[in-house]
1. What lysines could a cross-link reach from residue A:12, if we take a straight Cα to Cα line under 21 Å and drop same-chain neighbours fewer than 8 places away?
2. In whole angstrom, note down how far apart the Cα centers of segment A:1-20 and segment A:384-446 are.
3. Could you let me know the centre-to-centre spacing of segment B:1-78 and segment A:97-166, using Cα atoms, in angstrom?
4. If you take the alpha carbon radius of gyration of segment A:483-629 and divide it by 2.2 N^0.38 Å, what ratio comes out, to two decimals?
5. Suppose we keep just the alpha-carbon trace of segment B:1-75; what are its Rg and Dmax in angstrom?
6. So for B:249, A:299, what's the accessible-area order with a 1.4 Å probe, most first?
7. At a 10 angstrom cut-off on C-beta neighbours, averaged per residue, how do the peptides B:123-131, A:449-457 rank from highest to lowest?
8. Take every residue in peptide B:237-248, count the Cβ atoms of other chains within 10 Å of its Cβ, and give the average of those counts.
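The values are calculated or read from the model by the stated rules, or taken from the named source; none is laboratory data. Since the structure is predicted, the reported quantities are computational estimates derived from the model, not experimental observations. As a convention, Cβ positions derive from the backbone with ideal geometry for all residues, glycine included, and neighbour counts pool all protein chains shown. These area figures cover heavy atoms from the full protein model, side chains too; ligands, DNA and RNA do not enter into them. Shrake-Rupley method; radii C 1.70, N 1.55, O 1.52, S 1.80 Å.
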Amino acid sequence: MPKDHGIGASSKRREDVRFLTGAGQYTDDINVQGQTYVHFIRSDVAHGRINGINTSAAEAMPGVIRIFTGADFEGIGGLPCGWQVTDRHGEPMKEPAHPVLAQGKVRHVGDPIAAVVAESYAKARDAAEAVEVDIEELPAAIDMKAALEGNAPKVHDDLADNLCYDWAFGSDAAEVDAAFSNAAHVTTLELVNQRLVANPMEPRVAVGDFSRATDESTLYTTSQNPHVIRLLMGAFVLGIPEHKLRVVAPDVGGGFGSKIFHYAEEAFCTFAARQINRPVKWTASRSEAFLSDAQGRDHVTKIELALDADNNFTALRTETYANMGAYLSTFAPSVPTWLHGTLMAGNYKTPLIHVNVKAVFTNTVPVDAYRGAGRPEATYQLERVIDKAARERGVDPIALRRQNFVTEFPYATPVAVEYDTGDYVATMDKLEEIADIAGFEARRKESEARGKLRGLGVNCYIEACGIAPSNLVGQLGARAGLYDAATVRVNATGTISVMVGAHSHGQGHETAFPQVVAEMLGIDESMIDIVHGDSSKIPFGMGTYGSRSIAVCGSAMVRATEKIIAKAKKIAAHLMEASEADIGIKDGQFTVAGTDKSVAWGDVTLAAYVPHNYPLEEIEPGLEETAFYDPSNFTYPAGAYACEVEVDPDTGKVTVERFAAADDFGNIINPMIVDGQVHGGIGQGIGQALMENCAYDENGQLISASYMDYAMPRADDVPFYTVDHSCQTPCTHNPLGVKGCGEAGAIGSPPAVINAVVDALQSAGHNVTHIDMPASPQRVWAAMQG
Amino acid sequence: MYAFDFEKPSTVADAVAALKAEEAQPLGGGQTLIPTLKQRLAMPSKLVSLTGIDEMKGVCVADDGAVCIGGATPHAVVAREAAKSYPALASLAANIGDPAVRNRGTIGGSLANNDPSACYPAAALGSGATIVTNAREIAADDYFQGMFATALDEGEIITEVRFPVPEKAAYMKFEQPASRFALTAVFVAKYADGVRVAVTGASEEGVFRWTEAEEALSSNFSPDAVAGLSVPADGMIGDLHGTPAYRAHLVGVMTKRAVAAAG
Ligand SMILES: Cc1cc2nc3c(=O)[nH]c(=O)nc-3n(C[C@H](O)[C@H](O)[C@H](O)COP(=O)(O)OP(=O)(O)OC[C@H]3O[C@@H](n4cnc5c(N)ncnc54)[C@H](O)[C@@H]3O)c2cc1C
């Protein structure tokens, strides 16, 4: 019998009632008395020198309150970068200034130049058209490799070139080279992991407010981590002390990473509200989202895999160019390095691995973490090169993987991380079963009878979640701790509010987190609510990204609940005149071992707040505990995915016919929510593999700047998924044994799709060994033309 | 959006009069025009809505058998009401955009706009339709004059479109993955006096007739008849979603499929 409450139950997502009935409170729903509206004037060229900005005509227009330019931000901090990467020579990365409003130069289409604050959006836009911006267009650096050549235009004049860092990592390069010289076979693959737009359903919004009475600023913003924004903006940009700055991220309509970062518009609204002493609101249009939300991926990679005569992997070598865009977004430098290089071992015991990453500035929108962040890039190249190797060696791609699996845990990789636990054989076995790999040939024949080419693609993935041990990431360059925090506040009648540092922007925390506390206390989930997203209500936590919420913040919540139980037992012992050591808790009742005495949860909580009969000499009244939890390692979810596609040989159109995912997420709190997370991730992965393409032309204009050209997957572009997470090797180092599931689908699915497309084409005799994403109809058709 | 005046007349005559104002523009379903206004790419002084004019709405069959569609008839109504009288046209309408677009967007708006990737232009040209305006009747062959260009004069309103009903017809649309407009689509119609083949989405000149295929199909209405034919890539649209060569190839594929579907 599946459980109907507590850990392991598929409790329905309680937050969906308000989301689906229009009762959500998103940032754009927040309107503050006296509010003004800002419209940003953005660069329409990728690179240019600002020779002058004339605002005088615009300032005289009706409803205009004030027009800000870069000059208003002189002497004020720029947007900080939260991670410093050290290059292969021990030098820090290049870290150019990132002004709130452009200073002297514009560096990408969409770069904000000036901001018009007015009584309405329409008035702000009218006046913006009257602002004269004199920009001298400069040649732009767009292609990464070209940007590193000597004569390339420089994105930042104060830097020697466009190289942010040249990073090397892993095994000794000479040892790796030697292994390649001795290899029986080397498979080489060059590929592009294309740039993507995150496209959360809700565009970004910011409302800045200032109280002259208390000297307090409030920022309402579409963020995945309000405390991170408070820290970065308060300390580094605007110089507002924490106790005078409140950051609220209410309901947030999806983030996928793009709402982790601190953005110029947030700082602007907070700053301008203080300047004009009125609230300032900004709501991005979808077009602005395309030009100002940090974008994802954008790696160009050469990967080489060395095999011995028996097809054991002996070494792996990669060279990657990673696009940073025009400025360093908050966590951008960490993505192609520590979130990518450390995952290059994958599920395999390759003994020698060397990773090289060159991060490059270009005149494009900044790039940062997007669902998976570095791990999809690692998985894609590794699982593609293994597939290619299997073809070159004439062996079954599943067998080649199985042969090279890591099977003993803990396993220390050559790329610095230690997998605590896993069972890659079990997930592959499960995949073969649920994907009915054995039945594939029959399905292929059936497709061929209909004139379609059918392909099967299989891959594995591993990721590092539960970000992250603070001392470790500190050594790696993080400028923040990555613990999390929870406060469990038990009310007098026994209901509970849990204030968490994690932030839910669609993940279902409001349902899953209470399931854990309910399980621990044996009370009904409906008695528990979580509170999140407001720095004035919650403890200083680090927010949600990197599939960390239940693993890190959930662990903090467990620790706080354990403290609650310990204290409640003391109270119960007092009430029942028993020894504390004999007190148990079950189904919301405190019992005394060996007796039939019991006292209900509610009586204990009431005693804590009405301490008439209470051990006041031993413990304080009240029942509220906080815990901060810093993980001792990452968690390592892993799995195996299979995709079957059909290719229409006449048009090149690929349709995904079947998709199966066997994941090991350790223990599961809510299987239905986990299914949903995997479904969404696979949808995004299929989108990347077949459809999405954030493409710039050679002048730096974004060609796919709207949904007319940026192809998002829709319901009929994806199949019904077969998802299984019954293979469970619990995480060994967090109290729940959980690993995290938010990104797996997006990490594991792109290589399965592309492996399947290549398989389909090969089945018809096309000598296609690789096809870059997105495998759009025209690309597949062109590949078939040879 | 810039400010504009708004009128919603109930007769064609009143609409024509209202459109005499400087920079006035008709508004059909607004599915193209409203987004343009929101982006501040157009600045009409006045919008004259055509959706309140009953005489411009609905689907009927004329005495000569032609299917007549009022210029302000939404796609969804065509999909429903022409399903029996002209199934190929009805199914074309049923696959335009999404339900919101189909419930608001109109045939007149689509033909007036003449987007090079739109569906209706292929049906009108492929059926040899007559575009009826407040002032005259225009043969489809004379109406389409290149991307976004038509024979319409300033202030002229499409009041009706008359489609002679073919013996057999089908529309095959290869969707652009993002917009789901036609990356390349072909409308094939077989009449007693010959076959018409109209191609949309492919050419830089907008919708066009593929006369070579028409001739081949007129003597042998089967997919094989066009198997050896191709259109040159020259002059085809090249963009993120398809090179000129790819579009030229799709013209052949979609034509064959349309013939096969027409049966
Ligand atoms: C999301 C989306 C998807 C779409 N997908 C498709 C698709 O797959 N295939 C496709 O073909 N189209 C598609 N369209 C376009 C849609 O069919 C529009 O409805 C159509 O192009 C314009 O019709 P409208 O009535 O909305 O015209 P409007 O937007 O109101 O007007 C368009 C132009 O025509 C003029 N006009 C309007 N009516 C008349 C008239 N009766 N006489 C003279 N001039 C007139 C207007 O002044 C304006 O210049 C899509 C649109 C959207 C928003």
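1. Within the straight-line limit of under 21 Å, residue A:12 reaches these lysines: A:3.
2. Segment A:1-20 and segment A:384-446 have Cα centres spaced 33 Å from each other.
3. 41
4. Rounded to two decimals, the normalised Rg is 1.06.
5. When restricted to the Cα atoms of segment B:1-75, Rg and Dmax are 14.2, 46 Å.
6. Of B:249, A:299, the descending order of accessible area is B:249, A:299.
7. B:123-131, A:449-457
8. The shielding value for this peptide is 4.
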